[in-house]
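Have a look at the structure below before the remarks.
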Amino acid sequence: MVQDVALGESHSTVLTTDGEVLTTGAANYGRLGNGETSEDTLYFDSVEILPGETVVQIAGGESFTLALTKEGVIYGWGRNHKGQLGTGFGMSVDMYAMEQIPTPMDGDELINRTVTKIAAGTNHGACVTSNGELFCWGSSLHLEPVRVTEVLHTKIVDVECGLDYTMALSEDHELFVWGAGKTGVLGQGPDTKTLHQAQMIKSLLKKDNTIVSMSAGSNLASCMVLEV
């Protein structure tokens, strides 16, 4: 039975209730996670994670995919030309960089931390830990996870990635956003096209409103508000 679906530009990923990951679509950049880079598929085929690992979440970027295991380990495969897989390894990446099979993300910042939520944008990724810490990587800025310092004193419970922006929801129901967006996705008014640091959307701070969930699309962002 299907538990979750993640879509990329030219590939699709499915997670079953048994923790099995399946992909279909274009094979270039290794985005199918099966070792192929030239043979596209029309049918879903299983992706081999490490034996004994159970995947609980998936997230799809433009040409890459992230998967989170029950143990809180992130795996990634596909294109890595902007560091979107977060594998780092102290190396630079170029237009040909890719991982053809699932590769664990083992950056220093995630050591001794358990990831509970993952998200993927066009060429970047993000995750939340069990302690409410928020990390981001990719977009040619960071090759491995780096903590978002603007929310150090706030416990984050959810994260979503859009085209070139990121949204994060705090335990106190505050919504933070940063990145680039010409269509108003940053929620800061028509004159704000770019935010280099996480910033709260203050227009949503009404005493009778409680933000309970959010969603980030390519050029459209939304949130669900509980009126009390």
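The values are calculated or read from the model by the stated rules, or taken from the named source; none is laboratory data. Model, not experiment: these values are computed from the prediction. In this analysis, Cβ positions are derived from the backbone assuming ideal geometry, glycine residues included, and neighbour counts consider all displayed protein chains.
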Exercise. Of all residues in the stretch 93-125, which are within 21 Å of Glu53 (Cα to Cα), without any contact (Cβ under 8 Å) to a residue 60 or more places away in the chain and of a type in the set (Gly, Ala, Ser)?
Worked result: Gly107
Exercise. Going by the structure shown, is Gly52 modelled with pLDDT under 90, buried (at least 19 other Cβ atoms within 10 Å of the Cβ) and more than 19 Å from Val5 (Cα to Cα)?
Worked result: no
Exercise. Using beta carbons and a limit of 8 Å, which pairs, at least six apart or on different chains, have the first residue in the stretch 189-216 and touching a residue at least 40 places away in the same chain (Cβ under 8 Å) and the second one small (Gly, Ala, Ser)?
Worked result: Ala198/Ala168; Met214/Ala221; Met214/Ser222; Ser215/Ala221; Ser215/Ser222; Ala216/Ala119; Ala216/Gly121; Ala216/Gly162
For this session: For the stretch 63-70, indicate whether the set of residues that are in contact with a Phe, Trp or Tyr (Cβ under 8 Å, 6 or more places away or on another chain), assigned by TED's automatic domain parsing to the domain that holds Tyr29, crowded, with 18+ Cβ neighbours inside 10 Å and not in a strand (DSSP E or B) is non-empty.
Result: yes
For this session: Take the stretch 145-183 and flag every residue that is β-branched (Val, Ile, Thr) and at pLDDT below 90.
Result: Thr183
Problem set entry | Where Tyr43 falls short, out of the listed (1) aromatic (Phe, Trp, Tyr); (2) loosely packed, with under 15 Cβ neighbours inside 10 Å; (3) out of contact with any Ser or Thr (no Cβ under 9 Å at 6 or more places or on another chain) | (3)
